[in-house]
Amino acid sequence: MSVQYYEGVGRRKTSTARVRLTQGNGSITVNGKPAEQYFPRYGDMLAAIAPLRAAGFEGKLDVTVKVAGGGITGQSGAVQQGMARALVKLNAELRAVMRTAGYLTRDARMKERKKPGLKRARKAPTYTKR
C-alpha cells in the first residue's frame, strides 16, 4: 500500500522546492534535515511554514521538502509557495485564504543581468570629461 501525499512545487528567484504533505505528527524535513536546522534564521523558518499556520494545519501534517538552487531566503520563499500549493490540493477551500495571504503568487523578481560596458546591471563607469 502506498502512502497518500499531496505535492506542490514552489519557485522563487533561482530556487525550486518540491513539498510533500502526509498525515503525521507535524515533523518538517528539508533536504533530509530538520527544518529548524536547515533554516537557522528565525524569519526564514517562519516564512517557510506560514501557509501551514494560515491553514491551521501546524502540528497535524508531516512535511517533506526537496529544495535546490539559490540562497536561503529564496529557498524559504520557494518552500512557502510549494507548501501553499500542496495545501490547496489537500483542501480546495483553502485557496481563498492562501490567495489573500499572497502565498500562491509567484514572485517574478529576479537578479538583473550585467550589461556589457557597465560595471554591474546598471552602474556605469565614472564619467571623466578629460
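The values are calculated or read from the model by the stated rules, or taken from the named source; none is laboratory data. As the structure is a computational prediction, the values presented were derived from the model and not from experiment. Positions of Cβ are backbone-derived with ideal geometry, glycine not excepted, and every protein chain shown enters the neighbour counts.
Here are the numbers for this structure:
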quantity: Meets criteria (on the phi > 0 side of the Ramachandran plot and not hydroxyl-bearing (Ser, Thr, Tyr)) for Gly71; calculated: no
quantity: Test: Ala68 is within 16 Å of Leu104 (Cα to Cα) and not polar (S, T, N, Q); calculated: no
quantity: Residue match in region 87-103 (condition: in a strand (DSSP E or B) and either at pLDDT 95 or above or of a type outside the set (S, T, N, Q) (or both)); calculated: no
quantity: Checklist (1) modelled with pLDDT under 95; (2) closer than 20 Å to Arg99 by Cβ applied to Gln23, failing item; calculated: (2)
quantity: Residues that are buried (at least 18 other Cβ atoms within 10 Å of the Cβ), in a helix (DSSP H, G or I) and either among the basic types (Lys, Arg) or touching a helix residue (DSSP H, G or I) at 6+ places or on another chain (Cβ under 8 Å) (or both), drawn from region 10-38; calculated: Ala35
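Let's see how each residue does on (1) crowded, with 19+ Cβ neighbours inside 10 Å; (2) of a type in the set (Val, Ile, Thr); (3) outside any strand (DSSP E or B):
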residue: Gly8; (1), (2), (3): yes, no, no
residue: Pro40; (1), (2), (3): no, no, yes
residue: Pro51; (1), (2), (3): yes, no, yes
residue: Val63; (1), (2), (3): yes, yes, no
residue: Gly70; (1), (2), (3): yes, no, yes
residue: Gly74; (1), (2), (3): yes, no, yes
residue: Val79; (1), (2), (3): yes, yes, yes
